[in-house]
Amino acid sequence: MSAVSAAAVPARAAAAPSEGARDGQNAQNSQDIEDAVGVREPAPLAARARLLPSLAAVYRAQLSRARVARIPLLFVATFQSIGIMILMRGVVDGGSEARAVVSGASVLVVAFVALNLLAQYFGALRASGGLDHYATLPVPPAAVVLGAAGAYASFTVPGTIVTAVAGSVLFGLPMTHLWVLLAVIPLAGAALAGLGAVLGLLAPRPELATLCGQLGMSAALLLGVLPAERMPALVAYARDLLPSTYGVEALTRSFDAHPDWLAVGVNLGVCAAVGVISLAAATWAYRRAAVR
């Protein structure tokens with residue numbers, strides 16, 4: 001046993017230098033790393049997310065989310081507008097009044113989804129703390145508002161087209177210039193969606209957001225579907241303040257045999273300007289609600 005122990009001592013002694021050398025090498029490597037880190041500049045932060053890619057991402061997310069939940073409500077909005085036109089068919093025979101009814105009922109689909117449902121969505125999002133999730137994302141506030149507004153407005157396209165075609169058949173109106181809907185839907189949708197987002201984000205409670213959305217849709221119904229020449233002067237002034245009015249006017253003029261395209265363009269321009277203002281107000285309301 002003593003001979004074995006004596007033989008093990010030199011072996012450990014021989015191994016000791018190699019372990020010490022390894023420790024020294026590790027220390028040297030650590031020093032080299034520290035020196036290298038010391039001379040390097042801090043790594044730059046990632047670039048801020050740009051508006052258009054962020055907008056596309058939010059739009060796709062909102063579109064996929066609302067596709068299942070909002071399609072039944074879109075059918076309700078379409079059937080509601082067609083039902084209103086059927087009821088008005090017993091009162092209005094044709095002429096300018098019929099054009100106003102069909103145009104107002106078509107834009108009413110946009111108001112139901114873009115104004116009413118979006119006001120409810122942002123009201124519920126604020127009450128549940130969902131805005132905190134969006135506030136932590138590296139996306140501009142405008143991308144959140146525009147993405148949600150665009151997604152909700154997109155769902156109005158099939159219902160608005162179906163309503164306009166059904167109304168044209170019901171009242172015997174020409175469908176030659178129904179392509180104007182391609183401009184009316186996005187412009188009126190932007191204006192009404194911005195208004196709906198403002199109502200939902202500024203309402204202190206989700207119940208009030210729902211109430212404001214319902215009142216806004218009712219205003220679009222009463223002031224848009226009813227012929228303007230039958231309204232009192234005070235109500236006509238209130239009609240001019242409603243963003244959807246200018247989309248209704250543009251679509252109404254397109255049913256003429258020889259439309260006044262200058263008047264159509266002016267109404268669409270006013271609708272676009274109101275849309276820009278309402279979406280800017282919605283962005284401000286989002287920032288205000290997100291920091292509270």
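The values are calculated or read from the model by the stated rules, or taken from the named source; none is laboratory data. Keep in mind that what you see is a predicted model, and the values were worked out from it rather than measured. Note that each Cβ is placed from the backbone with ideal geometry, even for glycine, and that neighbours are counted across all protein chains shown. The protein model used for the area step is the full one, side chains on, heavy atoms only, and it has no ligands, DNA or RNA in it. Shrake-Rupley method; radii C 1.70, N 1.55, O 1.52, S 1.80 Å.
For region 56-118, what class follows from the C-alpha gyration tensor (a ≥ b ≥ c being the square roots of its eigenvalues): rounded when a/c is under 1.5, otherwise prolate if a/b is larger than b/c, else oblate?
Working: a/c = 4.40, a/b = 2.58, b/c = 1.71.
It comes out prolate by the Cα gyration axes.
Residues in region 88-131 average 26 Å² of solvent-accessible surface per residue, probe 1.4 Å, ligands and nucleic acids excluded. Ranked by the mean number of other Cβ atoms within 10 Å of their residues, highest first, the peptides 104-111, 232-239, 147-154 fall in the order 104-111, 147-154, 232-239.
All alpha carbon pair distances within region 117-216 were sorted into 10 Å bins beginning at 0; the resulting P(r) in whole percents reads 15, 37, 28, 15, 5, 0.
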